[in-house]
Every structure is written in structure tokens, then in C-alpha cells.
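Q: Let me give you the structure first, and then I'll get to my questions.
Derivation of every value follows stated rules applied to the coordinates shown; laboratory data play no part. Given the structure is predicted, the values throughout are model-derived calculations rather than measurements. Because the Cβ atoms are built from the backbone with ideal geometry, glycine has one as well, and the counts that use them run over all protein chains shown.
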Amino acid sequence: MGIINKTLCDFSNQKVSRRKFMQAGSALGIASAAPGLLVGSAAQAAMPVKGGHLSVAMPHGSSSDSTDPIQLISGHSIMMFYSIHNTLTEVTPDGQLVPLLAESYEPGADPTEWIFKLRSGVTFHNGKSVTSDDVITSIGRHIGEDSASSMKAFIENVDSITKDGDLVVKFKLKEGNVDFPVILSDSVLSILPSKDGAIEAFDVGCGVYRLVEFQPGQYSKYERYADHYKTDRGFLDTAELLTIADATARQNALITGEVDVVGDVDRATAERLGATADIDILNVQSPKHYTFPMRVDLPPFDNNHVRMALKLSIDREAVLETILSGYGSLGNDQPISPNNRYFNHELEQRVYDPEKAKWHLKQAGLDSLEVELSAADNLYKGATDTAVLYSEHAKASGINIIPNQVPDDGYWKDVWLQHPWCASYWSGRPTEDWMFTQAYSGSSNWNETYWKNERFDELLVAAKSELDENKRRQMYWEMQALVRDDGGAVIASFANHVSGVSSRAGIPEVVAGNWNYDGYKLIERWWNKS
């Protein structure tokens, strides 16, 4: 049928008063989540229809997937958590932060205290009422030195969580954080049923859908929870989410009608797929970026001259055109996209420069370099191809990159954070603080480069509570420069979310770009038109 384009709004020049900043909290920092309106014949989205079934296929999913949010390792789990659970807040498709399970939230005297009032009458799928005790237990389990949570770096800032009755929860932070409410929208911080201070069940939530069946690495099935408190979502009677690692197999499943939506479409064949009867290509600009994280705690990546040589040895323009077929934009070795509020537009775009790369090698005492780069075929479409292309580019710098193709299954457990150098990707995060804290702070469990920079961590803490807009911007600008010029990530490109959609699927007028699959909330936001 055709291609449906969605473009992110640019919030980088917005101004806001101190008063409004405090009232809205972190909502005002969210730019990367805000797409534009639908373009083309599909712009006039039909009214949602209740009933029916949708089947969604994605490449993500692992046999190690779990119903415990702390054990999150794949995109399949993220969509599952968002479908069956609720968080205190959520990011809307147009990029606003709003209360969800909470009825309201507000800061106390300053951003070190946040007060959340819960909705009354909300129940879990087992009939139990949602209370402040469930919030305290669900969030509190992410705190502690032994916590394996991907949100540990955020929640360790919580000094105490107390309740004022069954429906009011108070968070006291060690350091002020104006972005704290947006952190609580993450699927890992889903609110679970508890009993006597322990989680009662991981597969029971208070979300729009209940989990019917789950086979890790294969599929999950859902049915609507009739007693959910929200009426503006949950149109489907049932839904299923399939893990189909191979891009060709996913697209064939769409063509034959086995599934209604497929994610991570092969960009090289996207236009051809979109020309198929009853199939559209949904092209959503996003903060998603592909990275090659170097472990800076291991040689030779502990030498920044080596890191700089590798950053200068990839032809970003070629990657954008060859791997992404133009469905994206250039990366600059830092994770903040041009549509983020505090994007540093003054940073010079890094370009392919083999001669300068040779100079950096020489400063490291090297005439040449040989390194291994691990990647898996279905990590994302083009992951291993990018590693091979990178290897070709680097030869001109005197660098021999040896692509190491590893198995798809178990990649996030056995390769990522383990191998000295590997392929990775991030879907981006709603705010600069979230992205930097989760992926680059010295204390994060998901710091994939093992990079620790004292100045960066100082700025990260200071920016959380800074209310002066210009000062906060300068802090985030400096952090971007530090990651770009000292960090261990090679970030060559930002990638649009490209999906194949059957004419049976009802698409909202606005589709979120903060994460793929409509912010991983496709199951509760889309509908079946037939």
C-alpha cells in the first residue's frame, strides 16, 4: 500500500518558567518521545473498534525471559510488562508525562520529596486492591547493593518510601531529581501485588490485559481485563506477541496473514513490502541508536587514543545508506538525539578520518591494531553486516577488526556486558538524565562500556536538581561532549522504527517514538478494524 511517516517534534528551543517546571516535573524534559501526526491517506485514523484479535511479531525474545521485571533482558518482556502491569506514570504518544496508576503527583518543598496519590478502586487481576503497600514493595525491591535491577542507578537515590494511608505514597530522595516522576514510567518499575512485604505473583498485574500463556523466547498471549479502570485503551479482546528472530520469516508471516504487525522490518526491502496489497510501512523517527560499546576497563580500550582511533574509523554516511537504507540519521558517539530537549547542536559531527585515526594509534604507541567485534544476526537487522562494513572501513586506519558472529539466543546474557567489544542498541530514553544514568553513570548495572568519569558523574547528579534552564542545558551539553570524546561507545547512527502493518490493524493518529511498537504499548493502544 505505502509508507506512513511520523516525525518527532523538536523541543530543543522551548523555554519554561521555574514555576511551571516544578509543577510539571519531568514532563517538560521529554522530547524524544514526541512524534508528529500521521502523514498521508492514513492520517485520518478511524475510531477504535472494540473486539477482535491482533498478532504482533518482533525479533526480540529470549529463552531467559522472565515475568520478573528485575530480570528484564528483551523487548518482548518490555511489551509484556506494559500490557499486564501499570506503572505510576506513563509517557503519552505525544510525549507528555501523565499519572497512570497514580491519580496525581507533586513535589514537596523541593525535588527531594515526591508525593503520589493512587487511584481508588483499582484491582489486580486476582481481585486484590492496589494499595500503597504494593507500591512500596514493588519499588523498594530495586534498592540495595545486591540489586540486579536495570533501574538500580535511579532507585538507589531513594532514601525512604513511606505511606500516608492506603492511597498516598511519599518518596524521599537523597538528592533532588526533577525528572523522578518520569523514571517511574519504566516497565521495570511496574507495580505488582504484594503480601507481607513480598511480591505475591509476578504474572499478575493491574494492567489492561492479563497474561494467559507465556513461553520464553517464543510467545506470550493476552486477554482483556474487564475491570480495568481505563476506558481509552484495551480495545482488543485478545492479543499475542510472537518472537520471530529472522526478518524474512517475520515479513512472510505478515504477507500470509499469520500476523498483523511486524517490527524491525528489513529496511532494504521496506518499500517493496509496502507495495504489497493491504500492507503499510510505518516509519517513525526515534531516538533509537546502534552502538558498539568498548569495555574501557579492558585493554586496549582502556586507552582513549585507541577508542578515538576506532571512532574515526567508521564511515557513518555509508552505514546510514548501506545498513539503514536512509531510514535514520547520523550518530555522533553520544546517545542524545537531535530531538531531545538538551541536545548539544554545537558538537561537531564526527566524520570518517583514517589519517587522524592513525595519529591516535601512534599516540597510543601503536602502528596497527587488531580487535575482535562480536555481533549476532538478529540482534537487530544489519548488526553483523555493520560489523563487516566497519571492518572494511577500518583497514585504511591500519586497524584489523575481526567480526565475531555469535548465536542470537543468550546474546544479552552471554555477550553483552561480557565481551570486550560487541554490538548493542538502545531504544533511547525520554530524558537526558534517564539515558545517561542508565547507560553511562559509574554505578549503573547497564553501563555497557564500564566507563567511569568523575566529572560526568558530578554533572549528572547536579543536573538532576538544577532548576535554572540554562545551567541545566550547559551541564547536559558538557556531558554529551564527555561521552563523545572520552566514552567507550561508537554510535554511528540513529535508526527509525520501521514496522510492517496489515490493513486489519487500527493505527492511532499519533504513534509514540520513545520506544518501538508505539512505546511498547501497541497491544493496549491499537485495535482490529475488521
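Q: Run the Debye formula on the Cα coordinates of the stretch 286-418, all scatterers equal and no solvent, and tell me log10 I(q)/I(0) at q = 0.15, 0.17, 0.18 1/Å.
A: Each listed q maps to, in turn, -0.78, -1.01, -1.12.
Q: Where a Cα-Cα gap under 16 Å defines reach, which lysines qualify for residue 471, not counting those fewer than 8 residues away within the same chain?
A: 15
Q: Let me ask something additional. Given +1 on the Cβ of Lys and Arg, -1 on the Cβ of Asp and Glu, and no further charges, what dipole in debye does the stretch 220-297 carry about its Cα centre, rounded to the nearest 20?
A: It comes to approximately 300 debye.
Q: I would also like to ask the following. Could you work out how much longer the chain between residue 302 and residue 385 gets when fully extended? Use 0.36 nm per residue separation minus the Cα distance between them, nm to one decimal.
A: 27.3 nm
Q: Could I ask something else about it? At 222 nm, what value in deg cm²/dmol follows for the chain if DSSP H runs of at least 4 each add -39500 (n - 2.57) and the sum is divided by all its residues, to the nearest 500?
A: Working: 17 runs with 136 residues, N = 530.
Taken over the chain, the calculation gives -7000 deg cm²/dmol.
Q: For the stretch 405-414, take each phi angle, set θ = phi - 60°, evaluate the Karplus expression 6.51 cos²θ - 1.76 cosθ + 1.60, and give the result in whole Hz per residue in order, putting x for glycine and proline.
A: Taking θ as phi minus 60°, the curve returns 7, 10, x, 5, 5, x, 4, 6, 8, 9 Hz for the stretch 405-414.
Q: Right, something else. Considering the alpha-carbon set of the stretch 220-308 alone, what are its Rg and its Dmax in angstrom?
A: Both quantities, over Cα of the stretch 220-308: 20.3, 59 Å.
Q: Taking amide hydrogens as modeled 1.01 Å from N in the peptide plane, which residues meet the under 5 Å criterion relative to residue 294, leaving out close sequence neighbours?
A: Those lying under 5 Å, H to H, from residue 294 are 489, 490.
Q: If you don't mind, there's one more thing I want to ask. Could you grab the Rg to Rh ratio for the stretch 392-498? Cα atoms only, Kirkwood for Rh.
A: That ratio is 1.02, to two decimals.
Q: Separation between the residue 232 and residue 196 pseudo-spin-labels, each 7 Å from Cα along Cα→Cβ, expressed in nm?
A: 4.1 nm
Q: Okay, next question. At 1.567 mPa s and 4 °C, plugging the Kirkwood radius over alpha-carbon pairs of the stretch 318-362 into Stokes-Einstein gives what diffusion coefficient in µm²/s?
A: D, rounded to a whole number, is 103 µm²/s.
Q: What FRET efficiency comes out for residue 166 versus residue 212 if R0 is 25 angstrom and r is the Cβ-Cβ distance? Round to the nearest 0.05.
A: Efficiency for this residue pair is about 0.25.
Q: Now a separate question. Over the C-alpha atoms of the stretch 439-530, what are the Rg and the largest Cα-to-Cα span, Dmax, in Å?
A: Radius of gyration, then largest Cα-Cα span, for the stretch 439-530: 18.9, 57 Å.
Q: In nm, to one decimal, how far is the residue 46 label point from the residue 370 one, both placed 7 Å along Cα→Cβ?
A: With each label placed 7 Å out from Cα toward Cβ, I get 6.1 nm.
Q: Now a separate question. How would you rank 156-165, 221-230, 97-106, highest first, on the average number of other Cβ atoms within 10 Å across their residues?
A: Numbers: 156-165: 14.7, 221-230: 16.6, 97-106: 18.3.
Highest mean packing first, the order is 97-106, 221-230, 156-165.
Q: What pairs from 152/452; 358/395; 288/521; 356/381; 128/195 go past 22 Å between their alpha carbons?
A: With Cα atoms farther than 22 Å apart: 356/381.
Q: Moving on to the next point. Highest mean first, how do 464-470, 258-264 rank when packing is the count of other Cβ atoms within 10 Å averaged over residues?
A: The peptides rank, most packed first, as 258-264, 464-470.
Q: Work the Kirkwood hydrodynamic radius out for the chain: mean of 1/r over every pair of different alpha-carbon atoms, inverted, in Å. If you can, show how the numbers build up before the last one.
A: Details: mean 1/r = 0.0425 Å⁻¹.
With all distinct Cα pairs of the chain included, I get 23.5 Å.
Q: Same structure again: How big is the dipole moment of the chain about its Cα centre under a simple scheme where the beta carbon of each Lys and Arg is +1, that of each Asp and Glu is -1, and everything else is neutral? Debye, nearest 20, please.
A: Computed charge dipole of the chain: roughly 980 debye.
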